[in-house]
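Read through the structure below, which is laid out as structure tokens, and then see the notes.
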Amino acid sequence: MGVNPRKPLIRLTLPGNTSYVRGAFLTCGTEQDRTTEDSLAERNMRVLVAEDEPHIRRILLTLLEAVGFDVEAVSDGTAALERIESPEAFDIVLVDIMMPGATGLQVLERARALEHRASTPVVILTAKGQDVDREAAFELGASDFITKPFSPKKLLAQIHELLDRT
């Protein structure tokens, strides 16, 4: 595969020795990983990703879809609020704190105020790792607070743990 020097090389190592290299998956997954992926697909788990940075949004979309999630991604806080307020089901929400239109904390606060979203796990993803942001997120009802850059393997493990609780 040739490499275009103007495009960054995207390489993710996913659970089960699955790798993604700019548009191609190389799979050497274990039986346990395939079982996990199959159970997610069977359960039709839906994820809302709200991330304004295109590169990170693409990584999250690729990572989550690779293990069987049905992912809807939006690029700003206004779109995230619209999706949160919709009746459409989401099993978990991943939201960046700093986005145009509305912050991730505003999206979280709105989710907790809605009856149909009150118990939906919401994970805050952010480059802002200050204690004040973490405390504000947990006070508003965040299920977890993950600082960027994040480990894809640890993020998936945390998502699975949160979904197992619901």
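On the given criteria, is ARG112 among the basic types (Lys, Arg), open to solvent by 10 Å² or more (accessible area, probe 1.4 Å), at pLDDT 95 or above and in contact with a strand residue (DSSP E or B) (Cβ under 9 Å, 6 or more places away or on another chain)? Spell out how you get there, then give the answer.
Details: among the basic types (Lys, Arg): yes; open to solvent by 10 Å² or more (accessible area, probe 1.4 Å): yes; at pLDDT 95 or above: yes; in contact with a strand residue (DSSP E or B) (Cβ under 9 Å, 6 or more places away or on another chain): yes.
Taking the combined requirement at face value, the residue satisfies it.
Listed here are the residues, each with its yes/no results for (1) crowded, with 17+ Cβ neighbours inside 10 Å; (2) of a type in the set (A, V, I, L, M, F, W, C).
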{"site": "VAL122", "(1), (2)": "yes, yes"}
{"site": "LYS128", "(1), (2)": "no, no"}
{"site": "VAL132", "(1), (2)": "no, yes"}
{"site": "LEU140", "(1), (2)": "yes, yes"}
{"site": "PHE145", "(1), (2)": "yes, yes"}
{"site": "PRO152", "(1), (2)": "yes, no"}
* **Inter-residue pairs, beta-carbon under 9 Å, first closer than 12 Å to LEU114 by Cα and in region 82-93, second open to solvent by 50 Å² or more (accessible area, probe 1.4 Å) and at pLDDT 95 or above, 6+ apart** => ILE84/ARG110; GLU85/ARG110; PRO87/HIS116
* Within region 52-65, is even one residue part of a loop (DSSP other than H, G, I, E, B), surrounded by fewer than 19 Cβ atoms within 10 Å (Cβ to Cβ) and at pLDDT below 95? -> no
* Could you give me the residue pairs with C-beta distances under 6 Å whose first residue belongs to region 128-149 and is more than 20 Å from ARG165 (Cβ to Cβ), whose second residue is assigned to a loop (DSSP other than H, G, I, E, B) wherever it lies, and which are 6+ apart or on separate chains? => LYS128/ILE97; THR147/GLY129; LYS148/ALA127
* For LEU94, state whether it is farther than 22 Å from ALA137 by Cα, in contact with a helix residue (DSSP H, G or I) (Cβ under 7 Å, 6 or more places away or on another chain), modelled with pLDDT of 95 or more and open to solvent by less than 60 Å² (accessible area, probe 1.4 Å). => no
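The values are calculated or read from the model by the stated rules, or taken from the named source; none is laboratory data. As the structure is a prediction and not an experimental result, all values here were calculated from the model. In this analysis, Cβ positions are derived from the backbone assuming ideal geometry, glycine residues included, and neighbour counts consider all displayed protein chains. Surface areas here come from the heavy atoms of the whole protein model, side chains and all, with no ligands, DNA or RNA. Shrake-Rupley method; radii C 1.70, N 1.55, O 1.52, S 1.80 Å.
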